[in-house]
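First up is the structure itself, then whatever we jot down about it.
The values are calculated or read from the model by the stated rules, or taken from the named source; none is laboratory data. Since the model is a prediction, treat every value here as computed from it, not as a measurement. We place every Cβ from the backbone using ideal geometry, glycine too, and count neighbours over all the protein chains shown.
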Amino acid sequence: MKMIRMTTGLLLAGSLLAVAAPAAAQDAGRTWTGPYVGAQLGYAFQPKDSNEVVSFDTNLDGTFGDQVSTAARANAFSPGFCGGGALTSTRAAGCRTDNDSVNWRVHAGYDYQLGTTPFVVGAVAEFGRTHTLMDSVTAFSTTPAFYTMSREYRYGANVRARAGYTRGDTMVYATGGGSWASVYKRFATNNVANTFSFDRRDNAYGWNAGGGIEQRIGDHFSIGAMYLFTGLNDKNRDVNVSGGPATSPFRLVNASGTDMRRAGKYFYFSTVNIVANWRF
């Protein structure tokens, strides 16, 4: 609910910008052609992914989707999964929701107004980070034990194209392009019988798309609001489970152990930001 109120407030603020300029400025306007630099501040939030699961490769052949079975051939992970972090070692206790976060960015770009038409095209590059934007999934075993995999967006960059329509000093635009991010991996479990190894840091690449509104305030300054949706391919690095007794469900098929990974390889999130630009 807090996120919804913040999102609504930011979008309302952006809408008010469209009517903030006096009628004279709407008619005359200023050229949008030229370079600019600026900053953004807002909120990053994720869609619900409560149905995400963890997949297993018990014979280490690189193919996931195997069942981890006990010596009695029962499903060792029959309690199931949840799209969040474990609260206790049992599925019945529920899970924490994923962490949304404040985010900030700095950017530089160039716009070009097509002659005397109201159409503007441009490009912008930006870099930023979030506070604790984290996406988790947990598997629960019959032991009982929990196995939580998390990925945290630390910082990243976007290169975006912009296409806008202006009315005087106000522009509405669509935007989209490519994304890169440094993603930090975490793994947590209360299983002390086995050994777990995984890569903690990874580069993720993807795309972004969204839109916004921008209002010129004088010759050099503009403010606005922007929504952006980002999808990153996280590559799903494996967690290798090894060691422990020979009767461990993780070692019954292959004595070397089992690989596990989260089934959802994409890291999706949205941002709603207030934007300020200095135009040269």
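So for the stretch 242-254 (the condition being of a type in the set (Phe, Trp, Tyr) and surrounded by 15 or more Cβ atoms within 10 Å (Cβ to Cβ)), does at least one residue qualify? Looking through the stretch 242-254, at least one residue is of a type in the set (Phe, Trp, Tyr) and surrounded by 15 or more Cβ atoms within 10 Å (Cβ to Cβ). Answer yes or no as to whether ALA188 is part of a strand (DSSP E or B), within 26 Å of PHE280 (Cα to Cα) and either in contact with a strand residue (DSSP E or B) (Cβ under 9 Å, 6 or more places away or on another chain) or of a type outside the set (S, T, N, Q) (or both). Here the answer is no, as ALA188 does not meet what is asked.
Of the residues SER182, SER136, SER150, only one is under 15 Å from the mean Cα position of the chain (by Cα) and without any contact (Cβ under 8 Å) to a residue 40 or more places away in the chain; which? Going through SER182, SER136, SER150 in turn, the sole match is SER182.
From SER150, SER89, SER55, which residue is out of contact with any helix residue (DSSP H, G or I) (no Cβ under 9 Å at 6 or more places or on another chain), in a strand (DSSP E or B) and over 30 Å from GLY211 (Cα atoms)?
SER55
Each residue in the stretch 88-114 was checked for being over 22 Å from TYR184 (Cβ atoms) and of a type outside the set (Asp, Glu), and 14 of them qualify. Within the stretch 58-74, the set of residues being at negative phi and either assigned to a loop (DSSP other than H, G, I, E, B) or without any contact (Cβ under 8 Å) to a residue 24 or more places away in the chain (or both) comprises THR58, ASN59, ASP61, THR63, PHE64, ASP66, GLN67, VAL68, THR70, ALA71, ALA72, ALA74. Does LEU133 qualify as being closer than 30 Å to GLY212 by Cα and out of contact with any strand residue (DSSP E or B) (no Cβ under 6 Å at 6 or more places or on another chain)? No.
Looking only at the stretch 80-111, residues that are surrounded by fewer than 20 Cβ atoms within 10 Å (Cβ to Cβ) and of a type in the set (Asp, Glu) come to 0 in all. Residue check: is VAL272 in contact with a Leu (Cβ under 9 Å, 6 or more places away or on another chain) and buried (at least 22 other Cβ atoms within 10 Å of the Cβ)? Against the criterion (in contact with a Leu (Cβ under 9 Å, 6 or more places away or on another chain) and buried (at least 22 other Cβ atoms within 10 Å of the Cβ)), VAL272 qualifies. Across the stretch 92-144, the number of residues qualifying as under 24 Å from GLY177 (Cβ atoms) and among the small types (Gly, Ala, Ser) comes to 7. Here the stretch 23-45 is the region considered, the condition is being surrounded by fewer than 20 Cβ atoms within 10 Å (Cβ to Cβ) and in a loop (DSSP other than H, G, I, E, B), and the residue that is modelled with the lowest pLDDT is GLY29. Tell me whether the stretch 50-73 contains one or more residues that are under 20 Å from PHE221 (Cβ atoms), loosely packed, with under 15 Cβ neighbours inside 10 Å and at pLDDT below 80. Scanning the stretch 50-73 turns up no residue that is under 20 Å from PHE221 (Cβ atoms), loosely packed, with under 15 Cβ neighbours inside 10 Å and at pLDDT below 80.
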